[in-house]
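Here's the structure we're looking at; comments come further down.
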C-alpha cells in the first residue's frame, strides 16, 4: 500500500485524511505550512525524497506555493479520488497529477483536468470540459458541457457555469453565481446572472 504525506494540516487536509481510508492509499503523516510534520519529527518534505505527497489546501494560490516549496525534491503526487465519485466514461477522462476528487462528484465524458486541481463535494462536470491546473472547485458546482476553466480559477460553492463558457486564468466565481458569459482573466464575478465586481 502506498502511503501519502498530506501537506496541509488544516480543514481540507483533514478531509483528505478521512478520504484515504476509502482508497488504496495509506496515511504517512501531516506536514504544516512550515514544512514540519505536526508531531515535531523534522522536515519530511525536504529531508526525504520520493514521498507520495498530496497538496491539501482549498486555495489554489496556497497549493501553488506548496508545490513551489518542494518541487525540487523527487516526490510523487498521486491522485486521490473518493470511491463514491463517478467517472462515467473513465477511458475518456484525462487526469494530471495531484488531483483531489471528493465524495459525490460526477464526471461525464471527454474531460481533461490539469495538475493539482480540486473538485469538492457533489460537483458535476459535463461533457467536453477542460479544467486547468491549480483550479479550486468548491462543493455542489455544476459545469455545463464544453466549459473551459483556465489555470488558477476559483469556483465558489453552488455556482453554475453554463455550457461553452470560458473562465479566464485566475478568475473567481462567487458562491451561488450563474455564469452566462465568458469571464476575463483575473476578474471576480458574482450574482445571477454573474457580473463583474
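The values are calculated or read from the model by the stated rules, or taken from the named source; none is laboratory data. None of the values given here were measured: they were computed from a predicted structure. Using ideal geometry, Cβ is built from the backbone for each residue, glycine included, and neighbour counts are taken over all protein chains shown.
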Check: How many of the residues making up the range 100-128 are more than 16 Å from residue 13 (Cβ to Cβ), in contact with a strand residue (DSSP E or B) (Cβ under 7 Å, 6 or more places away or on another chain) and either in the same structural domain as residue 7 (by TED's automatic domain parsing) or part of a loop (DSSP other than H, G, I, E, B) (or both)?
Finding: 6
Next item on the list: Provide a single number: the residues in the range 144-177 that are assigned to a strand (DSSP E or B), closer than 23 Å to residue 54 by Cβ and without any contact (Cβ under 8 Å) to a residue 24 or more places away in the chain.
Entry: 2
Notebook entry, point to check: Here are 167, 147, 153, 189: which of them is crowded, with 18+ Cβ neighbours inside 10 Å and over 21 Å from residue 95 (Cα atoms)?
Noted result: 189
Margin query: Of everything in the range 66-99, what is touching a helix residue (DSSP H, G or I) at 6+ places or on another chain (Cβ under 8 Å) and under 21 Å from residue 126 (Cα atoms)? Give them in sequence order.
Written below: 80, 82
